[in-house]
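What follows is one structure encoded as structure tokens, with my remarks underneath.
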Number of protein chains: 2
Amino acid sequence: MIQHVSKRASGSKRSAIRELLKLTERPEIISFGGGLPAPETFPHEQMADIAAEVIRENPQNVLQYGSTEGSRTLRKLMAEWLRPQGIDVTIDQLLVTTASQQGLDLLCKAFIDPGDVIFCGLPSYLGAIQSFRLFESRMVGVDLEDDGMNLDMLEQRIEAERAAGHRLKAVYVIPDFQNPSGISMSLEKRKRLLQIARREDLLIFEDNPYGQLRFAGDPIPSILSLDDEGAGRVMMLFTFSKVLCAGLRLALLIASGDLMDALVRVKQPTDLCTSKLTQHMAARYIERYGLDDHLAEIRKIYRVKRDAMIKALERHMPKDAGISWTNPDGGLFLWVRLPKGLNTETMFPRAIEHKVAYVIGSAFYVDGRGENTMRLSYSLVSTEDIEEGIRRLGDLIREELAVITP
Amino acid sequence: MIQHVSKRASGSKRSAIRELLKLTERPEIISFGGGLPAPETFPHEQMADIAAEVIRENPQNVLQYGSTEGSRTLRKLMAEWLRPQGIDVTIDQLLVTTASQQGLDLLCKAFIDPGDVIFCGLPSYLGAIQSFRLFESRMVGVDLEDDGMNLDMLEQRIEAERAAGHRLKAVYVIPDFQNPSGISMSLEKRKRLLQIARREDLLIFEDNPYGQLRFAGDPIPSILSLDDEGAGRVMMLFTFSKVLCAGLRLALLIASGDLMDALVRVKQPTDLCTSKLTQHMAARYIERYGLDDHLAEIRKIYRVKRDAMIKALERHMPKDAGISWTNPDGGLFLWVRLPKGLNTETMFPRAIEHKVAYVIGSAFYVDGRGENTMRLSYSLVSTEDIEEGIRRLGDLIREELAVITP
């Protein structure tokens, strides 16, 4: 029967991360693997009340099908909330999606034909890579620097791809506290990326799941807010998964004009509409409590965890061994680079013996690199376990180093 | 910017039905257009309690990300419920989807390459047609007869498509109370369709949103339950939208082996996972109340409405004018055929003047036919309004007939 599987599905793989994470579910293992938001950030008591309330108030509406575009109430509230952030949109420029992963699916459906080039900072979010792969795009990696994508390299790649006759379509970027690296793109680079996109007529897919989770440093305007061209070239993915509850499966795609029209047309056959129940729950929460007080609480939680992890890394990692890590100003992740010669995939079983887990860095590349890197998430782990887990990781790396430099 | 839109999205259209239905929202219009379930069938009081309860019990789980395959509890309950219906599956053969429309999306992603042939009974569900079109399949229509798809015509079409060198992939069928026609496929035809599919190595996409809504006649076994080949050739879409609440956006895709593996792989980049909140709500409802008592109530509601519509049609439609309609044993719809020469699309504005609305039949064809047909739904309309709306429709048709046969 296997001959029935489509070409696109034959090329897809189960997420390597998800398969590895299954190994880490034993309770004695301290796992820095999972990229999930900290569940203590979910406002669950309010959500329990609100869920019952919105159903009771208007059951025939809340439990029925809704419009493809999404709840007008939710979109109106979000348009108002986005305005002070320099994102001045009408509700017609907001499409409610069944979480941001669906946003990526819709962007691919609406804009990506097989073979179209998408430039991605590498390493990059695995779910985006999977989606771009499923739609048979040509993913072209561009290295990340400490201030975001290497734009000289992007320009070289654009030139080479154009010369090779490929159709250039989009740049995918997570500008704030990128998954997996924790790196943010500087203001200068955001502006230059916009200039490049205009010159080369590229779309920008601005994935912004973590932008609201800044706990240090000054905010940097989103690429969307910097775009004054009026062409709708930048499309932003905003999700409620990290700022409210992941289980709502709720997000927004911000786009305009013909591009929004194409997105609505492909959303219809994708799932008809997003759940009205979850949309009304989010809208009621925002009406009653707003997002800002809650975000202030969330940021505190992540800041404490990041501080604990940075301190533990400084304390427990071997010194002068060429190990480095990022120190993010927000988000859930940091990124560790080990010396050449170490391989985080082959050492993973020994990490499990040491009762500590991470995500292998090569999973986030599309080109097989990153074998000496790993992603650490501090989101799901207590500060005590962060200290103990990083101590175990330090011991492991010390042993690994002894083997390659005896 | 329009040059950025993908080939597949350029070919997609906003649903004609949805656009027409916007005209029918004026309160004085009695609309038989909407294909939504009757909202009085939603067990909203229980759902309000359950929503709050499942969040309070285990918020860190219910509001978090879940597995791609879906809640084990929900799948276990549903496997038990399906068994007496002759569908003997393990939970590994059940994939939770974000409503059945996503099930169609996943079937296309996993199995349909551009140009692959899908045979569809015509008229057929518009959401399926949109999905098959989005994935650039070659849709080949097969006429419906009173006992389902014309299988002689299917065999002819198969031969012609094979001779033309096309790649044959699947047959799409809604065997029970089909949308839009209300027609069910006979047992004999179900068995013969299976034989044809085996001989020609075709997949069968068995879409079953209405099978549980039988209010008259004897149940006919599903095609899936008749399939003893063990190859997993038949994949069934089951949805909670019509038997519980549409707003949960919750359904199951039943498949096995390599085919299920392909479906899980394409579900990951599609939305990572379906909302755990809505899954836990459905599971708790089923644990506490079961589905069967509730289904008995729903069937009564639809039976009364269908009876009212059939009586009103007999009373108000012009006699001896060559008008016919189906009399479904379940589901939400019936199908009216007017004499040749009448066009339900061009007369639609006059229907609005008469303060009655329907869905034009040609919307459900992929080949421009059906111009003298319409779909009537009795689901959202009270029995009083059914009587009055059909009276208005009868007046309209009488006027239309007078124009073509003066």
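The values are calculated or read from the model by the stated rules, or taken from the named source; none is laboratory data. The model shown is predicted, which means the values in this text are computed figures rather than measured ones. Positions of Cβ are backbone-derived with ideal geometry, glycine not excepted, and every protein chain shown enters the neighbour counts.
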Would you pick out the residues in region A:321-349 that are modelled with pLDDT of 95 or more and of a type in the set (D, E, K, R)?
A:Asp329, A:Arg337
For region B:92-136 the number of residues that are surrounded by 24 or more Cβ atoms within 10 Å (Cβ to Cβ), more than 7 Å from every other protein chain (Cβ to nearest Cβ) and among the hydroxyl-bearing types (Ser, Thr, Tyr) is 3
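Please enumerate the residues belonging to region B:153-184 that are of a type in the set (A, V, I, L, M) and over 20 Å from B:Arg299 (Cβ atoms). Reasoning before the result, please.
Within region B:153-184, the subset of a type in the set (A, V, I, L, M) is B:153-154, B:158, B:160, B:163-164, B:168, B:170-171, B:173-174, B:183.
Hits for region B:153-184 are B:Met153, B:Leu154, B:Ile158, B:Ala160, B:Ala163, B:Ala164, B:Leu168, B:Ala170, B:Val171, B:Val173.
Which of the helices (runs of 4 or more DSSP H) contained wholly in region A:64-152 include at least 2 residues that are closer than 22 Å to B:Ala9 by Cα? Before the answer, list the steps.
On the way: elements: A:72-82, A:99-111, A:126-134.
Per the criteria, A:99-111, A:126-134.
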Kindly list, by first and then second residue, each pair from a residue in region B:2-31 that is more than 10 Å from every other protein chain (Cβ to nearest Cβ) and surrounded by 11 or more Cβ atoms within 10 Å (Cβ to Cβ) to a residue that is part of a loop (DSSP other than H, G, I, E, B) and modelled with pLDDT of 75 or more, limited to pairs with Cβ atoms under 6 Å and residues at least 6 apart or on different chains.
B:Leu21/B:Gly33; B:Thr24/B:Gly33; B:Ile29/B:Lys355
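Could you list all residues from region B:367-384 that are crowded, with 17+ Cβ neighbours inside 10 Å and out of contact with any Lys or Arg (no Cβ under 8 Å at 6 or more places or on another chain)? Give the steps one after another, and end with the answer.
Kept after step one, since they are crowded, with 17+ Cβ neighbours inside 10 Å, are these residues of region B:367-384: B:370-381.
B:Gly370, B:Glu371, B:Met374, B:Arg375, B:Leu376, B:Ser377, B:Leu380, listed by residue number.
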Going through region B:57-75 one residue at a time, which ones are within 12 Å of B:Gln279 (Cβ to Cβ) and more than 9 Å from chain A (Cβ to nearest Cβ)?
B:Glu69, B:Gly70, B:Ser71, B:Arg72, B:Thr73, B:Leu74, B:Arg75
Select from region B:40-56 the residues that are more than 7 Å from chain A (Cβ to nearest Cβ) and closer than 28 Å to B:Lys267 by Cα and list them in ascending order.
B:Ile50, B:Val54
Exactly one of (1) more than 25 Å from A:Ile129 (Cα to Cα); (2) within 12 Å of chain B (Cβ to nearest Cβ) is unmet by A:Gly232. Its number?
(1)
Quick one: B:Gly322 ticks every box in (1) buried (at least 16 other Cβ atoms within 10 Å of the Cβ); (2) farther than 18 Å from B:Gly121 by Cβ bar one, so which box is it?
(1)
Looking only at region B:267-278, how many residues end up being touching a residue at least 40 places away in the same chain (Cβ under 8 Å), crowded, with 23+ Cβ neighbours inside 10 Å and within 9 Å of chain A (Cβ to nearest Cβ)?
8
Which one is nearest to B:Thr270 (Cα to Cα), of the residues in region B:67-93 that are in contact (Cβ under 8 Å) with a residue 12 or more places away in the chain and of a type in the set (D, E, K, R)?
B:Glu69
Residue count, region B:358-406 (criterion: assigned to a helix (DSSP H, G or I) and in contact (Cβ under 8 Å) with a residue 12 or more places away in the chain)
23
For the structure I just gave you, tell me whether A:Leu253 is of a type outside the set (S, T, N, Q), closer than 14 Å to A:Asp105 by Cα, more than 11 Å from chain B (Cβ to nearest Cβ) and touching a Pro at 6+ places or on another chain (Cβ under 9 Å).
no
All-but-one check, A:Val359 against (1) surrounded by fewer than 18 Cβ atoms within 10 Å (Cβ to Cβ); (2) within 20 Å of A:Glu28 (Cα to Cα), failing number (1)
Looking at (1) aliphatic (A, V, I, L, M); (2) under 20 Å from A:Leu332 (Cβ atoms); (3) part of a helix (DSSP H, G or I), which is the only condition A:Ile220 fails?
(3)
Looking only at residues that are touching a helix residue (DSSP H, G or I) at 6+ places or on another chain (Cβ under 8 Å) and buried (at least 19 other Cβ atoms within 10 Å of the Cβ) in region A:214-229, which one is farthest from the other protein chains (Cβ to nearest Cβ)?
A:Ile220
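In region A:186-217, how many are among the acidic types (Asp, Glu) and outside any strand (DSSP E or B)? Before the answer, list the steps.
Step one: of region A:186-217, the residues among the acidic types (Asp, Glu) are A:188, A:200-201, A:206-207.
Then drop every residue that is not outside any strand (DSSP E or B), which leaves A:188, A:200-201.
Total satisfying the criteria: 3.
Just one of A:Arg157, A:Arg198, A:Arg167, A:Arg162 is without any contact (Cβ under 8 Å) to a residue 60 or more places away in the chain and either under 19 Å from A:Met236 (Cα atoms) or in contact with a Cys (Cβ under 6 Å, 6 or more places away or on another chain) (or both); which is it?
Working: A:Arg157 fails: either under 19 Å from A:Met236 (Cα atoms) or in contact with a Cys (Cβ under 6 Å, 6 or more places away or on another chain) (or both); A:Arg167 fails: either under 19 Å from A:Met236 (Cα atoms) or in contact with a Cys (Cβ under 6 Å, 6 or more places away or on another chain) (or both); A:Arg162 fails: either under 19 Å from A:Met236 (Cα atoms) or in contact with a Cys (Cβ under 6 Å, 6 or more places away or on another chain) (or both).
Answer to the check: A:Arg198.
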Taking the conditions exactly as written (modelled with pLDDT of 95 or more, crowded, with 19+ Cβ neighbours inside 10 Å and either outside the structural domain of B:Gly182 (by TED's automatic domain parsing) or more than 24 Å from the chain's Cα centre (by Cα) (or both)), does B:Tyr289 satisfy them or not?
no
For A:Gln130, work out the one condition from (1) at pLDDT below 95; (2) polar (S, T, N, Q); (3) more than 19 Å from the chain's Cα centre (by Cα) it doesn't fulfil.
(3)
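In this structure, does A:Leu263 turn out to be over 18 Å from the mean Cα position of the chain (by Cα), within 13 Å of chain B (Cβ to nearest Cβ) and buried (at least 17 other Cβ atoms within 10 Å of the Cβ)?
Numbers: over 18 Å from the mean Cα position of the chain (by Cα): yes; within 13 Å of chain B (Cβ to nearest Cβ): yes; buried (at least 17 other Cβ atoms within 10 Å of the Cβ): yes.
Taking the combined requirement at face value, the residue satisfies it.
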